[in-house]
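J.: First the structure, which I've put down as structure tokens, then a few questions once you've had a look.
No lab work stands behind these numbers, since they all come straight from the coordinates. Note that the structure is a prediction, hence the values are computed from the model and not measured. FYI the Cβ positions are ideal-geometry reconstructions off the backbone, even for glycines, and counts take in every protein chain you see.
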């Protein structure tokens, strides 16, 4: 594909990912309003995350393997529209079962957007996949940084945070329409490396692929828990009001964005696994500070920012590694690990809410620490499995 067309696709996809981040990060600060609108508790409304990730996981399991034949670009276009419309419905619903049902529908779009955008950009820029995929997610992070602040501003002006979500959905729909009318029929075949071999109907599920999926399961769950509950955490453990607490959540997403910006440059110099190790070490240091600084505003803010900085490159770098390792069927391989990440997104944020409500908010910090420790163990195990990931027509490592 001509470089100009590939660049234009990246620009429009980045606009879609910007609004994706904007919308997703707005959900956490809106949980209290969703709970009030649906006449339920904060812990119960946290089930929105479970519904979204259930939809995302099912979409990735059932539809993900088909995207190699449909085309990631076409699938991304439809996914963005489903995601936007689903969350508009969530914002307007006042009946809890309907709210969860619409969140599930939004999750279908969430899962396919997450999968198709990362796989597509990794394929278009295969020689610089770590940097390109991190760049796409860097743009997502800019949106995620702005989202909570947008909610805070809407609450201050109108005592209603929903306009922030509506704006996000409008931008997302616009990006989808540009993809639909300008690029929908553009063929995105398999990478040149695998052009002479058809995509297999089913890839071999190697231990390396499982280990990458387990790593994303733990990561996605923890990232969503931190992003979703940071506002509540800061409100209940410090003297910050909701507007300032929402700014801390914005800071978390900004730190993730900064981590990805740094990785765009590091990806040119370091191997993917080195980038991933550096990221996890940074997040682990932040987690230790998070536990030690409980109740201290300054230390808690610093810890949340450091965790975000470390988390920045984990998802896109893992996706780039898997796309490289399975060049003939990146959609199938990506669907496996993104589906597993969806399981983490379903379980861990919900568990975080339950733990904080039943055992006290400090217990939530211990849960984050336990998952972080599991992440480090999984990374260590995946190194040995990566060396055994020898597949016809594939590359090991990144």
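J.: Using 0.36 nm times the number of residues separating residue 298 and residue 4, minus their current alpha carbon distance, what extension gain do you get? Each step should come with its number before you reach the end.
T.: Numbers: separation 294, 0.36 × 294 = 105.84 nm, distance 4.60 nm.
Once the chain is fully extended between residue 298 and residue 4, it gains 101.2 nm.
J.: Still on this structure: Assuming R0 = 51 Å, can you tell me the calculated FRET efficiency for the pair residue 291 and residue 205, based on Cβ-Cβ distance, to the nearest 0.05?
T.: Details: r = 35 Å, r/R0 = 0.69.
Approximately 0.90, to the nearest 0.05.
J.: State the Cα centre-to-centre distance between segment 57-125 and segment 287-341 in whole Å.
T.: 20
J.: Helix-only mean residue ellipticity at 222 nm, the chain, DSSP H runs n ≥ 4 weighted -39,500 (n - 2.57), per residue, nearest 500. What is it? Don't jump to the answer; show the numbers that get you there.
T.: On the way: 15 runs with 317 residues, N = 398.
Result for the chain: -27500 deg cm²/dmol, rounded to the nearest 500.
J.: If I model a spin label at residue 177 and residue 70 as a point 7 Å from the Cα along the Cα→Cβ vector, what separation in nanometres do I get?
T.: For the pair residue 177/residue 70, the computed spacing is 2.2 nm.
J.: Sort 78-91, 304-317, 38-51, 7-20 for me by packing, meaning the mean count of neighbouring Cβ atoms within 10 Å per residue, highest on top.
T.: The peptides rank, most packed first, as 304-317, 78-91, 7-20, 38-51.
J.: Report the extension gain between residue 42 and residue 274 in nm, rounded to one decimal, defined as 0.36 nm multiplied by the number of residues separating them, less their alpha carbon distance. Please report the intermediate quantities before stating the final value.
T.: Details: separation 232, 0.36 × 232 = 83.52 nm, distance 3.94 nm.
Fully extending the segment from residue 42 to residue 274 adds 79.6 nm.
J.: Another question about this same structure. Please report 94, 110, 159 as a ranked list, fewest other C-beta atoms within 10 angstrom at the top and most at the bottom. Before the final figure, lay out each step's value.
T.: Working: 94 11, 110 30, 159 8.
Fewest to most other Cβ atoms nearby, the residues stand as 159, 94, 110.
J.: Another one. If you stretched the chain out fully between residue 243 and residue 184, how much longer would it get, using 0.36 nm times the residue separation minus the C-alpha to C-alpha distance? Mind showing how you got there, number by number?
T.: On the way: separation 59, 0.36 × 59 = 21.24 nm, distance 4.07 nm.
Length gained between residue 243 and residue 184: 17.2 nm.
J.: Let me ask something else. Assign one of three labels to segment 56-113, namely rounded, prolate or oblate, based on the Cα gyration tensor with a ≥ b ≥ c the square roots of its eigenvalues; rounded applies when a/c is under 1.5, prolate when it is not and a/b is larger than b/c, and oblate otherwise. Don't skip to the end; give the middle numbers.
T.: Working: a/c = 4.78, a/b = 2.08, b/c = 2.30.
Judged from the Cα gyration tensor, segment 56-113 comes out oblate (a/c at least 1.5, b/c at or above a/b).
J.: Taking the beta-carbon count within 10 Å as an exposure proxy, list 244, 218 from fewest neighbours to most.
T.: Details: 244 15, 218 25.
Neighbour counts put them in this order, fewest first: 244, 218.
J.: For segment 53-176, what D do you get in µm² per second when you plug the Kirkwood radius from alpha-carbon pairs into Stokes-Einstein at 20 °C and 1.002 mPa s? Intermediate values should be presented prior to the final figure.
T.: Numbers: Rh = 15.4 Å.
It comes out at roughly 139 µm²/s.
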